[in-house]
Amino acid sequence: MKRSKPYLRPVLALALALSLTLLCGCGGKAETPKTEPAPAQTTQPETSGQAVPAQTTTPAPTPAPTPAGEPQSAADDGAVCVNSVEALLEAIVPGAKIVLDAGRYNLTDFLADYPNTRDLDQWNDAHEYVKLQHAFDGTEVVVRGITGLSLRGGSEDRAATELVIEPRYASVFVFEDCEGVELSCLTMGHTDGGDCSGNVLDFYNCQHINLRNLDLYGCGAYGVSAMGGTGDLLAADTVIRDCSFGPFEIYSGAGEFRFTDCTLTGSEGGGDYEPEPGSSLAFINCSFGQEESNRWFFSQEDGIARFENCTWTEATEYPDVGLPELPDFDVTKLTPVDFGETSLAESIWTGCATVDPKTGQYWCMGYYSYLSVTGPEYCLLKFSEDGTGVLDYGDGKLPDFEWHYDDPTTVCLEFDHLKAYGSLYRGSDDTLWFVLQYGDEVIWYF
């Protein structure tokens, strides 16, 4: 390779800097020399996880390639501009301002290079804040322990910058133990539709989340999932649409959740929200689709959420808000049964109700706050002979559990992150009942 003469290096460096600034597309308009017009950019084919500039008619000299994993340039406000998935992930550090150039980015095209546990372990050992983890049918990205991260698209038109992932059981992005995360001017979703269990955005134990000018679409099971102490999540001018279960799920919240000027439409159901002490949910100037209206229209007067100047779609099917009568259900007439008298192995139980042990009040099947499940059409509890079991609640199922007897009257169910305990009872009409308890929750099956 020929080397440039010394007196040409300043000129070449200036030309390269101008080319990179034009490619980034997020640092404001580059200044045009007064003596001649700035050359336009040419279109190059899209590569794996790589965005491309828009096509123009005037060809331009091809700039030197940016090394993989390095930012392309810096925006006027000090943000780092990137135009590949790898560069994006490498730029995620505390306090980072990142601008993702306009284009469509397939995370899976990049993650496909990490197909096994050893490859993932090598990546994770080398990266403190961005981890890769297996989902059921692929790999997803987890951002962990970040404070003060801003990620925005390269254009105020959110459709111009899109992040997608292929596995339906993987989330597009997962945030854990983060604070001060801002996402804006982006479109996110999965490449394939249909049922799924991966969400678009997952937040676990995160605080001070700002979502602005986003388009979050399904599948995802939910557009936004907030769990494990997440709070102070504000969404504005954002569309959440076409999700398998609903636009959002909020459990174990620890602060304010507010949606302003948002559109929630096209999903299979309304949002799921479990109030916690110190948490609140509000919708201001929001628009709801038909299924979202069916759910939340009947919740405006119960204090669960606050609605201001919202637009609803007329419900065509009205939910049954009454409580069904349980078959001969009277806890005062139930007697304990030892497991020696009957076996749980290969048995199936139908959920009936959850009961407040202090007041005796019950809710129809599906209100299981400790399992983060609300309103399924049915609930089945299955025990297998090999010591495993499944809790199937209609819209999906929880991870399999393992079960064993603690004593002649108690069985222990061990899920991934919790334990529940159950006992058998017999009713006055000889019906067998199974009661499952976790903390103060009491759930009855027959």
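The values are calculated or read from the model by the stated rules, or taken from the named source; none is laboratory data. Keep in mind the model is a prediction, meaning the values are calculated, not measured. All Cβ positions, even for glycine, are placed from backbone atoms using ideal geometry, and neighbour counts span all protein chains on display. All accessible areas refer to the heavy atoms of the entire protein, side chains included, with ligands and DNA or RNA removed. Shrake-Rupley method; radii C 1.70, N 1.55, O 1.52, S 1.80 Å.
Once label points are set 7 Å from the Cα along Cα→Cβ at both Leu432 and Asp416, what is their separation, rounded to one decimal in nm?
3.1 nm
What is the gain in length, in nm to one decimal, between Thr191 and Asp157 on full extension, counting 0.36 nm per residue of separation less the C-alpha to C-alpha distance?
Extending this stretch completely gives an extra 10.2 nm.
Quick one: if you stick a label point 7 Å off each Cα along the C-beta vector at Thr117 and Arg306, how many nm between them?
For the pair Thr117/Arg306, the computed spacing is 4.9 nm.
What is the Cα centroid distance between the stretch 245-293 and the stretch 419-439, reported in whole angstrom?
Rounded to whole Å, the Cα centres lie 34 Å apart.
How far apart, in nm, are two points set 7 Å out from the Cα along the Cα-to-Cβ line at Ala345 and at Gln290?
4.9 nm
Carbon-plus-sulfur fraction of the accessible area of the stretch 207-292, 1.4 Å probe, in percent?
Whole-percent figure for carbon plus sulfur exposure: 45.
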